[in-house]
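Down below is the structure, laid out as structure tokens.
The values are calculated or read from the model by the stated rules, or taken from the named source; none is laboratory data. Note that this is a predicted model, so its numbers are computed, not measured. As a convention, Cβ positions derive from the backbone with ideal geometry for all residues, glycine included, and neighbour counts pool all protein chains shown. Ligands, DNA and RNA are excluded from the accessible area calculation, which covers all protein heavy atoms including side chains. Shrake-Rupley method; radii C 1.70, N 1.55, O 1.52, S 1.80 Å.
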Amino acid sequence: MILEDELPSIRDVLESPLAKFIHFAANACGYNGTAEDLMVNWIHPLFLKAKAKASKHDNPNWWQAMNGPFADEYWQAACKEIRTLEEMGAWDVVDRPSSEKNVIKSTWAFKLKRFPDGLAKKFKTRFCARGDMQLEGVDFFKTYAPVVQWTTVRLLLILEVLLGLKSKQGDITATFLHANVPEDEEIYVEMPLGFEKKGKVLKLKKTLYGLRQSPRAFWQYLTKKMNECRMQQTKFDPCLFVGGKVMCICYVDDLIFWSLENDDIDELANKLIAVGVDLEEEDNAAGFLGVQMERDTETGLLELKQTDLIDRILETMGLDAGTAKSKWTPAESKPLVKDSDGAAISGDF
């Protein structure tokens with residue numbers, strides 16, 4: 001089960017191929033209740049527990065981050081976030097408006113990004129507006145923004161293997177801050193924790209993280225900039241762009257480029273930077289959205305892994321090496337014997 005997927009229902013688990021293995025394991029442990037009781041009381045809660053806790057420690061709130069083992073790293077990331085937003089002209093600091101104006105609360109979002117093997121990769125911090133306080137039809141209208149399909153990602157990886165393409169991964173800094181707030185809109189946000197000024201609020205000039213319209217506004221911005229660089233949006237997938245020498249996929253602020261030559265990728269990246277996209281290179285596509293991609297130097301094949309995600313799920317469910325007893329075989333190694341309570345044999349052996 002992928003953690004981003006919707007949690008399966010009891011009926012889904014009972015009707016899945018996993019059910020018979022759970023039933024066999026329960027019998028081996030001496031469980032004599034019904035299969036449905038087993039699912040309701042034991043198995044299904046473990047799915048919920050894994051979904052809730054697998055990345056719990058990687059997403060602290062403000063107080064947890066500032067008082068935890070990575071307090072210095074998160075504080076530096078917060079200072080960098082504020083500095084970046086101010087350099088991009090994200091807001092004006094103004095006096096608090098009258099009570100007739102809606103001042104949206106603000107919040108911090110922290111995330112520890114890891115390499116696929118579980119080691120710390122980057123401490124990310126985002127200053128966000130409380131989009132849940134916005135009113136539809138008043139503060140925002142359309143919100144839809146697409147992301148690349150995994151079918152497209154796999155297709156491009158197959159082409160990389162077959163055609164021997166070079167790949168590079170890019171990340172866009174302060175993604176949603178690239179798009180501007182329309183001139184006819186006024187959005188006020190509370191000052192961020194740790195950086196407050198008495199009697200002051202922020203009047204936004206850029207679409208801050210957390211606003212309902214921010215993903216769509218950035219997607220429209222990125223599509224426009226890609227077109228300026230002669231990268232055509234495909235009908236097959238709106239997040240796949242194809243140019244004369246380079247192909248690119250986009251998952252919000254994560255991009256992967258493919259081309260026969262690295263120089264062509266670098267040329268496109270420089271063009272995007274020149275038109276205002278704050279793009280940073282992340283070497284190659286070795287780890288994309290938590291998926292580790294390993295190439296076999298002899299065969300040229302790519303292998304996709306999510307070992308860290310699997311390890312964290314096993315640890316959360318109490319099935320890791322430290323708490324679970326492993327067996328070399330899934331069943332007893334001794335010969336099968338006659339079941340005295342079983343049905344009579346039919347036919348010849």
Net charge near residue 136 (other residues with Cβ under 15 Å of its Cβ; Lys, Arg +1; Asp, Glu -1) is +1
So, relative contact order of the range 94-221 in percent, Cα under 8 Å, 6 or more apart, is 35
Among the trypsin sites (Lys or Arg not before Pro) in the range 75-146, which ones are in a DSSP loop with at most 16 other Cβ atoms within 10 Å of the Cβ? Mind listing them? 101, 105, 130, 142
Protein accessible area in the range 149-238, 1.4 Å probe - carbon and sulfur %: 52
Modelling each spin label as a point 7 Å along the Cα-to-Cβ direction, I'd like the residue 92/residue 303 distance in nm, to one decimal. 5.8
Qualifying GluC sites (Glu not before Pro) for the range 71-177 [loop in DSSP, other Cβ within 10 Å: at most 10]: 100
Alpha-carbon centroid distance for the pair the range 107-159 / the range 55-90, whole angstrom: 16
Assign unit charges at the C-beta atoms only (+1 for Lys and Arg, -1 for Asp and Glu), then state the dipole size of the range 191-256 relative to its Cα centre in Debye, rounded to the nearest 20. 460
